[in-house]
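Taking it in order: structure first as structure tokens, then the write-up.
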Amino acid sequence: MRISIQPSALRDLREGFLFYEWQEAGLGSYFLDSLFLDINSLELYAGIHPLRFGRFHRLLAKRFPYAAYYQVAEGEVRVRAVLDLRRDPKWIARKLRGLA
């Protein structure tokens, strides 16, 4: 199945990269490598993750407290957001609502 990472998710990944790179040089790259491995697993496992907020499947990252929120349509996985799960759940809900 084809995976499409939407601009909103790319912005989220960039923010995560900058945050972790500021913590320690090289950690941002490790963050991106880990998240892209998780996202690439959707080629096989798209659609098996629980639905959140009514319309988004949530893939939990293995090594960082992040989740990829995605939708499956027309044989394509659309990753719409990659969010830090340490954020307030209300903030996450508002952010996803804005991706309508």
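A few points about this structure:
- Residues in region 23-66 that are under 15 Å from Q6 (Cβ atoms) and of a type outside the set (F, W, Y): L35, I39, L42, A46, R55, H57, L59.
- Filter result (of a type in the set (G, A, S), out of contact with any helix residue (DSSP H, G or I) (no Cβ under 8 Å at 6 or more places or on another chain) and surrounded by 18 or more Cβ atoms within 10 Å (Cβ to Cβ)) within region 38-74: A46, A67
- Hits in region 1-28 - residues which are among the polar types (S, T, N, Q) and closer than 17 Å to L83 by Cα: S4, Q6, S8
- The criterion of at least 3 residues that are in contact with a Ser or Thr (Cβ under 8 Å, 6 or more places away or on another chain) and not aliphatic (A, V, I, L, M) is met, among strands (runs of 3 or more DSSP E) falling completely within the chain, by 76-84.
- Every residue from region 1-17 that is hydrophobic (A, V, I, L, M, F, W, C), modelled with pLDDT of 95 or more and farther than 16 Å from P65 by Cβ: I3, I5, A9, L10
- Listed by first and then second residue, the pairs with beta-carbon distance under 6 Å, at least 6 apart or on different chains, first residue in region 25-53 and closer than 18 Å to R78 by Cα, second aliphatic (A, V, I, L, M) and part of a loop (DSSP other than H, G, I, E, B), are L35/A61; D38/A61; E43/M1; A46/M1.
- Condition check for R52: of a type in the set (D, E, K, R) and touching a strand residue (DSSP E or B) at 6+ places or on another chain (Cβ under 6 Å): yes
- Long-range neighbours under 8 Å by Cβ, at least six apart or interchain, first residue farther than 15 Å from G16 by Cβ within region 76-100, second of a type in the set (V, I, T): E76/I3; V77/I3; R78/V72
The values are calculated or read from the model by the stated rules, or taken from the named source; none is laboratory data. These numbers were taken from a predicted model, which means no experiment stands behind them. Backbone-built Cβ (ideal geometry, glycine too); neighbour counts: all protein chains shown.
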